[in-house]
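**Student:** Following this message is one structure expressed as structure tokens.
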Amino acid sequence: MGLLLMGAGRALETLAIVPDETMAQPSAVTQAPSAEFPPPVEKKDTAAGDWRLTLVNPWNPLPDGYEVPLTQLKNGSYVDERCYPDLQAMMDACRAEGLSPVICSAYRSREKQEALYANQLDKQLALGLSEADARAEAGKVVAVPGTSEHQLGLAVDLVDLDNQNLNESQEKTAVQKWLLENSWKYGFILRYPNDKRKLTGIIYEPWHYRYVGKDAAREIYETGVCLEEYLKGRDG
């Protein structure tokens, strides 16, 4: 996938950084399509021209040839430069409330995603699982390459400095409570709500925020839908 590395001189400030490889891993983060998660209605093309609403999930992989104009954060991570100003504003506003948000994961190249998935697959095979079972279990922890929103450059994993664990305890932190109430103002949504897992194909992740733009984020927040439902409604 071709990448446009642009704007690397700008640096988003965070208070602390924990590389994603060293973060405590959730018991189950992302998984491939299965009977438990039946695929939603196939996406239409009406939102295809809006980069902010590109749908990536277990049934809708990253578009072929998708290019990301990247800008580098202070911790060495990257995000799509087009969402950078709103991300910076959100982080500044959160810190202004005396809170300590930490970006622990952002853009991932396909190579990075493949390495993470392969590493998890090796761990499952080492436990004596068959190839098929190992792949199924690996997909519950690391998204299958090509189906991770992190490859879009529009997703960030945000945790509280006082709790840097990727598990459901995040929802009780001051940072997450603030983000749940305010992230939409900056164009970000909690991408994988607890009650939408059958539609998103992803279990509850109270740390994963996705940029969709301020108008869409406001409507998603006010109506309580997930991105899949929002796009289906747009397509009529």
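The values are calculated or read from the model by the stated rules, or taken from the named source; none is laboratory data. The structure presented is a predicted model; accordingly, all values stated were derived computationally and were not measured. Cβ atoms come from the backbone with ideal geometry, glycine included; neighbour counts cover every protein chain shown. The accessibility values were calculated without ligands, DNA or RNA, using every heavy atom of the protein model including side chains. Shrake-Rupley method; radii C 1.70, N 1.55, O 1.52, S 1.80 Å.
**Student:** Is it fair to say G128 is within 30 Å of E181 (Cα to Cα), without any contact (Cβ under 8 Å) to a residue 12 or more places away in the chain and open to solvent by 60 Å² or more (accessible area, probe 1.4 Å)?
**Tutor:** Working: within 30 Å of E181 (Cα to Cα): no; without any contact (Cβ under 8 Å) to a residue 12 or more places away in the chain: yes; open to solvent by 60 Å² or more (accessible area, probe 1.4 Å): yes.
Taking the combined requirement at face value, the residue does not satisfy it.
**Student:** Given the structure, is K112 under 16 Å from C226 (Cα atoms), modelled with pLDDT under 95, in a helix (DSSP H, G or I) and open to solvent by 60 Å² or more (accessible area, probe 1.4 Å)? Let's see the steps before the verdict.
**Tutor:** Numbers: under 16 Å from C226 (Cα atoms): no; modelled with pLDDT under 95: yes; in a helix (DSSP H, G or I): yes; open to solvent by 60 Å² or more (accessible area, probe 1.4 Å): yes.
In short, no.
**Student:** Next question, about the same structure. Does Q164 qualify as being touching a residue at least 24 places away in the same chain (Cβ under 8 Å) and under 14 Å from M90 (Cβ atoms)?
**Tutor:** Values: touching a residue at least 24 places away in the same chain (Cβ under 8 Å): yes; under 14 Å from M90 (Cβ atoms): no.
When the stated conditions are applied, Q164 does not pass them.
**Student:** Take M23 and decide whether it is at pLDDT below 50 and buried (at least 17 other Cβ atoms within 10 Å of the Cβ).
**Tutor:** Values: at pLDDT below 50: yes; buried (at least 17 other Cβ atoms within 10 Å of the Cβ): yes.
Yes, satisfied.
**Student:** Among (1) assigned to a helix (DSSP H, G or I); (2) within 23 Å of L62 (Cα to Cα); (3) modelled with pLDDT of 95 or more, which single condition is Y117 missing?
**Tutor:** With respect to (1) assigned to a helix (DSSP H, G or I); (2) within 23 Å of L62 (Cα to Cα); (3) modelled with pLDDT of 95 or more, Y117 is out only on (3).
**Student:** Just to be sure I understand the filter: pairs with C-beta atoms under 6 Å, separated by 6 or more residues or on different chains, first member in the range 74-87 and in a helix (DSSP H, G or I), second member open to solvent by 30 Å² or more (accessible area, probe 1.4 Å). Which pairs pass?
**Tutor:** Hits for this filter: D86/Y186.
**Student:** Another question about this same structure. Inside the range 163-185, can you point out the residues that are part of a helix (DSSP H, G or I) and open to solvent by 30 Å² or more (accessible area, probe 1.4 Å)?
**Tutor:** Those that are part of a helix (DSSP H, G or I) and open to solvent by 30 Å² or more (accessible area, probe 1.4 Å): E168, S169, E171, K172, A174, K177, W178, L180, E181, W184, K185.
**Student:** Continuing with this model, one more query. Could you look through the range 186-236, keep only residues that are open to solvent by less than 80 Å² (accessible area, probe 1.4 Å), assigned to a helix (DSSP H, G or I) and of a type in the set (V, I, T), and pick out the one that is nearest to N60 (Cα to Cα)? Please lay out each step first, then the result.
**Tutor:** Looking only at the range 186-236, we keep the residues that are open to solvent by less than 80 Å² (accessible area, probe 1.4 Å), and these are 186-193, 196, 199-213, 216-217, 220, 224-231, 233, 235.
Now restrict to residues that are assigned to a helix (DSSP H, G or I): 186, 199-200, 216-217, 220, 227-231, 233, 235.
Now drop any that are not of a type in the set (V, I, T), which leaves 200, 220.
Details: T200: 11, I220: 20 Å.
Selected residue: T200.
**Student:** Could I ask something else about it? For the condition without any contact (Cβ under 8 Å) to a residue 12 or more places away in the chain, under 23 Å from Y84 (Cβ atoms) and not β-branched (V, I, T), what is the one hit in D215, D195?
**Tutor:** Working: D195 fails: under 23 Å from Y84 (Cβ atoms).
Result of the check over D215, D195: D215.
**Student:** Ok, one more. Could you say which residue among D92, D80 is charged (D, E, K, R) and surrounded by 16 or more Cβ atoms within 10 Å (Cβ to Cβ)?
**Tutor:** Exactly one of D92, D80 is charged (D, E, K, R) and surrounded by 16 or more Cβ atoms within 10 Å (Cβ to Cβ), namely D80.
**Student:** Here is a further query. Which pairs have Cβ atoms under 9 Å, sit 6 or more apart or on different chains, and link a residue in the range 96-109 that is at positive phi to one that is assigned to a loop (DSSP other than H, G, I, E, B) and crowded, with 23+ Cβ neighbours inside 10 Å?
**Tutor:** Short answer, once both residue conditions are applied: none.
**Student:** Residue by residue through the range 131-145, note down the ones that are open to solvent by 60 Å² or more (accessible area, probe 1.4 Å) and without any contact (Cβ under 8 Å) to a residue 24 or more places away in the chain. Break it down into steps so the answer makes sense when it comes.
**Tutor:** Going residue by residue through the range 131-145, those that are open to solvent by 60 Å² or more (accessible area, probe 1.4 Å) are 131-133, 135, 137, 140.
Correct list: E131, A132, D133, E137.
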